[in-house]
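Reading through the structure tokens given below for one structure.
The values are calculated or read from the model by the stated rules, or taken from the named source; none is laboratory data. Owing to the predicted nature of the structure, the values given are computational and were not obtained by experimental measurement. Neighbour counts run over all protein chains shown; Cβ positions are idealised from the backbone, glycine included. For accessibility, only protein heavy atoms count, side chains too; no ligands or nucleic acids. Shrake-Rupley method; radii C 1.70, N 1.55, O 1.52, S 1.80 Å.
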Amino acid sequence: MDWDLARFVLALARHGTASAAAQALGVDQTTVSRRLTAAEAVLGTPLFERVERRFRPTPVGAAVAAEAETMERAAIAIQHAARDREEALSGPIRIA
């Protein structure tokens, strides 16, 4: 599963509803639903149970969300490393 799908699973696990996950991701509820369907299709198993308008992770969904947190930490570390590297290389450039 790629990061794009994993981040939707993670947001849904964290927020519990499609509307809250959508707001956190800056998308609409339909996009959250479509991405969840795609993630479940890729893995071939349900990732959430729908209980009283909330999404509760299945055991597989909880494991996927935990791994997505690892992916998220790696993505943040990459952004910080790139920013730090960019700051370290600032200054005038001469082209000869």
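For the reader, a short list of remarks on this structure follows.
- Percent carbon-and-sulfur accessible area, the chain, ignoring ligands, DNA and RNA, probe 1.4 Å: 54 percent
- With K and R counted +1 and D and E -1, the other residues having a Cβ less than 12 Å from that of Phe55 yield a net charge of +2.
- In percent, rounded to a whole number, the relative contact order of the chain is 29, using alpha-carbon pairs under 8 Å and six or more apart.
- A 1.4 Å probe run over the protein chains yields, for segment 1-81, 60 Å² of accessible area per residue, whole-number rounding.
- For the pair Thr31 and His80, label points projected 7 Å from Cα toward Cβ lie 2.7 nm apart.
- Summed side-chain charge close to Met71 - residues other than Met71 whose Cβ falls under 12 Å, Lys, Arg +1, Asp, Glu -1: -3
- With helices as the sole contributors, the chain gives -23000 deg cm²/dmol at 222 nm; each DSSP H run of n ≥ 4 counts as -39500 (n - 2.57), and the sum is divided by every residue.
- Shape of segment 1-61, Cα gyration tensor, a/c cut at 1.5: oblate
- Of the peptides 48-60, 21-33, the order by per-residue mean of other Cβ atoms within 10 Å, starting with the highest, comes out as 21-33, 48-60.
- The relative contact order of segment 40-84 comes to 23 percent, based on Cα pairs under 8 Å that sit 6 or more residues apart.
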